[in-house]
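The values are calculated or read from the model by the stated rules, or taken from the named source; none is laboratory data. For clarity, every value in this text was computed on a predicted model and none was experimentally measured. As a convention, Cβ positions derive from the backbone with ideal geometry for all residues, glycine included, and neighbour counts pool all protein chains shown.
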Amino acid sequence: MTTDSGSWVAPGRVNLIGEHTDYNDGFVLPLAIPLQATARVSRRDDRTVRARSRQRRAERREFTVDTEPGDVTGWASYVAGVFWAFRQAGHQVPGADIAVNSTVPGGAGLSSSAALECVVALALSDLAGLDLAPDELARLAQRAENDYVGMPCGVMDQMASMRGAEGQLVFLDTRSGHTEHVPFDLAAAGLALLVVDTRAPHRLVKGEYAERRADCEQAAKLLGVPALRDAELGDLTPDRLPDRLLRRARHVVTENARVLRVVEQLRAGTDPRAIGPELNASHDSLREDFEVTVPELDVAVATAVDAGAHGARMTGGGFGGSIIALVDDHAVEAVAAAVAAEFDRRGFTAPRHFTATAARGAHRLAT
Ligand code: ADP
Ligand code: MG
């Protein structure tokens, strides 16, 4: 079905567990959150795309549907990248006027970028009458970010944004591309997922991310496996891997195992408090072995746990961004206040917090 205009939304995400596994053919377990990007889009009769954003008022952009990487930089590269990815995949796409407004804070580790790409991808699919499946749209959005924007991210964020569902986690096997929903009803267990945006400035993210990716590829090569997904803990010995690569690989291998255990526990209907230690172990591994945390993330996690969280970890790529903490619902404000007080004591920027419930993925709004 083609359409001339409409409004579409796509959410941000937090990752419950499975960090830096998505470019190692591994497992991830994110949820879409109620913060989302909205796009009002109408088809044009020419090949021009005009893009604006409520959050970038001074930076309106114009380009054509035949845009190539490098033409458009800055925020609109995420939009232009989607047009490019569609064209690369052989799809005919019309020009469009696009007005974005997003409640996903940028650079907070909540994937405002995937929300933006996915909302444009879904709108474009509908405008062009392509009816592409959510998984295909997620991959096109990832392609836009990898090869147009130039950020070598895995597919987790886009898949979470496209496939999120109310009360459900998105369990994704990034090798097969298979996703399954896993029930995640914290309220029924008297729990809440506290998200604290540390507001630590993101530094060097792109470069560090690319380095971690390269480390993982190198480790897999030395181990003689297609991807770290295929490595086992017993393979990771100093005679096969230099120290840094051994630690990178150990994070990926143990993190994949943690994801599988969490999925098993949640599916079995175990009290979700039982996954707390897995969250803590994930953070320790990201700090010690993968080295993607910063003091703000470590302090927020340690303080949340001291203040009574059942488990906590950084979420997203790291180097700043947000943490998640599994807390009793009556303790949300106390835990958040403890983190804020500790940040104040240390002279860090004041953090922001909210509680996340698992929300619906990208969709068109009824008009
Ligand atoms: P994250 O995805 O963790 O929020 P990224 O650095 O990957 O952080 O993506 C943030 C970038 O995405 C912003 O710098 C901007 O270019 C773009 N972006 C996200 N949301 C918007 C928006 N509402 N309007 C314009 N650009 C946006
Ligand atoms: Mg991003």
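Would you say residue 100 is in the same structural domain as residue 48 (by TED's automatic domain parsing), within 21 Å of residue 197 (Cβ to Cβ) and either within 16 Å of ligand 2 (Cβ to nearest atom) or assigned to a loop (DSSP other than H, G, I, E, B) (or both)?
Considered against the rule, which asks whether it is in the same structural domain as residue 48 (by TED's automatic domain parsing), within 21 Å of residue 197 (Cβ to Cβ) and either within 16 Å of ligand 2 (Cβ to nearest atom) or assigned to a loop (DSSP other than H, G, I, E, B) (or both), residue 100 comes out as yes.
Which one of 86, 63 is of a type in the set (Phe, Trp, Tyr), in contact with a Leu (Cβ under 7 Å, 6 or more places away or on another chain) and either under 24 Å from residue 153 (Cβ atoms) or surrounded by 14 or more Cβ atoms within 10 Å (Cβ to Cβ) (or both)?
The conditions single out 86.
Can you find even one residue in segment 30-38 that is touching a helix residue (DSSP H, G or I) at 6+ places or on another chain (Cβ under 7 Å) and outside any strand (DSSP E or B)?
no
Looking at segment 309-350, which of its residues are over 23 Å from residue 186 (Cα atoms) and either more than 16 Å from ligand 2 (Cβ to nearest atom) or part of a helix (DSSP H, G or I) (or both)?
If the condition is that a residue be over 23 Å from residue 186 (Cα atoms) and either more than 16 Å from ligand 2 (Cβ to nearest atom) or part of a helix (DSSP H, G or I) (or both), then 340, 341, 342, 343, 344, 345, 346, 347, 348, 349, 350 are the ones that fit.
Going by what's in this entry, would residue 110 be described as within 29 Å of residue 214 (Cα to Cα), outside any helix (DSSP H, G or I) and outside the structural domain of residue 319 (by TED's automatic domain parsing)?
The answer is yes for residue 110.
Please go through (1) within 18 Å of residue 38 (Cα to Cα); (2) more than 16 Å from ligand 2 (Cβ to nearest atom); (3) surrounded by 15 or more Cβ atoms within 10 Å (Cβ to Cβ) for residue 95 and return the number of the only condition it doesn't satisfy.
Among (1) within 18 Å of residue 38 (Cα to Cα); (2) more than 16 Å from ligand 2 (Cβ to nearest atom); (3) surrounded by 15 or more Cβ atoms within 10 Å (Cβ to Cβ), residue 95 violates only (1).
Just to be sure, is residue 36 surrounded by fewer than 23 Cβ atoms within 10 Å (Cβ to Cβ) and polar (S, T, N, Q)? Steps first, please.
Values: surrounded by fewer than 23 Cβ atoms within 10 Å (Cβ to Cβ): no; polar (S, T, N, Q): yes.
When the stated conditions are applied, residue 36 does not pass them.
Search segment 143-197 for residues being polar (S, T, N, Q) and within 16 Å of the chain's Cα centre (by Cα), and hand back the single one that is nearest to residue 304 (Cα to Cα).
Out of the qualifying residues, it is 168.
Starting from segment 176-197, keep only residues that are assigned by TED's automatic domain parsing to the domain that holds residue 319 and within 25 Å of residue 321 (Cα to Cα), then list their pairs with residues that are modelled with pLDDT under 95 and of a type in the set (A, V, I, L, M) whose Cβ atoms are within a distance under 6 Å, requiring at least 6 positions of separation or different chains.
Listed by first residue and then by second, the contacts come to 197/108.
Would you mind finding the one in 192, 160 that is at pLDDT 95 or above, more than 12 Å from ligand 1 (Cβ to nearest atom) and touching a strand residue (DSSP E or B) at 6+ places or on another chain (Cβ under 8 Å)?
Details: 160 fails: more than 12 Å from ligand 1 (Cβ to nearest atom).
Residue meeting the stated conditions: 192.
Suppose we filter 348, 354 for residues that are modelled with pLDDT of 95 or more, aromatic (Phe, Trp, Tyr) and more than 20 Å from the chain's Cα centre (by Cα); which single one remains?
Just a single option satisfies the conditions, and that option is 348.
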